[in-house]
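See below for the structure under consideration.
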Amino acid sequence: MSQDVRVRFPPRVRNPFTTYLVQGFFLYLIMFFVYAISSLSKNYIYVGMTDDIDRRLKQHNGGYERTTKPYCPYILLYSEVAGNRVDARLREKYWKSGTGKRQLRKMRDSLNK
């Protein structure tokens, strides 16, 4: 006679995730975020991707990242959720392109008015 074995996965509090039941096992798919942050002190917008947007924003504002350290502090300008890492990378590339950066500048400028 087979018994059901319950396996407890560590909770991922900060990340939204999708749960699927596949042949008796739970499969967790982590969602990725594409985000843009804007410097409050200088004319600088940074675009990146992460699986934990709160942690990443704290890293940027804390000066832990070499690229963004000279332009601290930051506000979150834009974020979106992607289903997987590949989709997130494609969206990140778009926001880093000329067209994407122009749209982000318009968003930033509309906040400053």
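The values are calculated or read from the model by the stated rules, or taken from the named source; none is laboratory data. Values in this document were obtained by computation on a predicted structure and should not be read as measured data. Here the Cβ is made from the backbone with ideal geometry for all residues, glycine too, and neighbour counts use every protein chain on show.
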Whichever residue in the range 43-69 is of a type in the set (Ser, Thr, Tyr) and surrounded by 14 or more Cβ atoms within 10 Å (Cβ to Cβ) and, among such residues, is nearest to residue 30 (Cα to Cα): 50
The range 70-94 - residue that is within 13 Å of the chain's Cα centre (by Cα) and surrounded by 17 or more Cβ atoms within 10 Å (Cβ to Cβ) and, of those, farthest from residue 39 (Cα to Cα): 82
Within the range 71-113, tally of residues that are more than 28 Å from residue 30 (Cα to Cα), without any contact (Cβ under 8 Å) to a residue 12 or more places away in the chain and part of a helix (DSSP H, G or I): 7
Qualifying positions in the range 49-70 - in contact with a helix residue (DSSP H, G or I) (Cβ under 7 Å, 6 or more places away or on another chain) and in contact (Cβ under 8 Å) with a residue 12 or more places away in the chain: 49, 50, 68
Candidates 26, 33, filtered to the one that is modelled with pLDDT under 95, in a strand (DSSP E or B) and either in contact with a His (Cβ under 7 Å, 6 or more places away or on another chain) or buried (at least 17 other Cβ atoms within 10 Å of the Cβ) (or both): 33
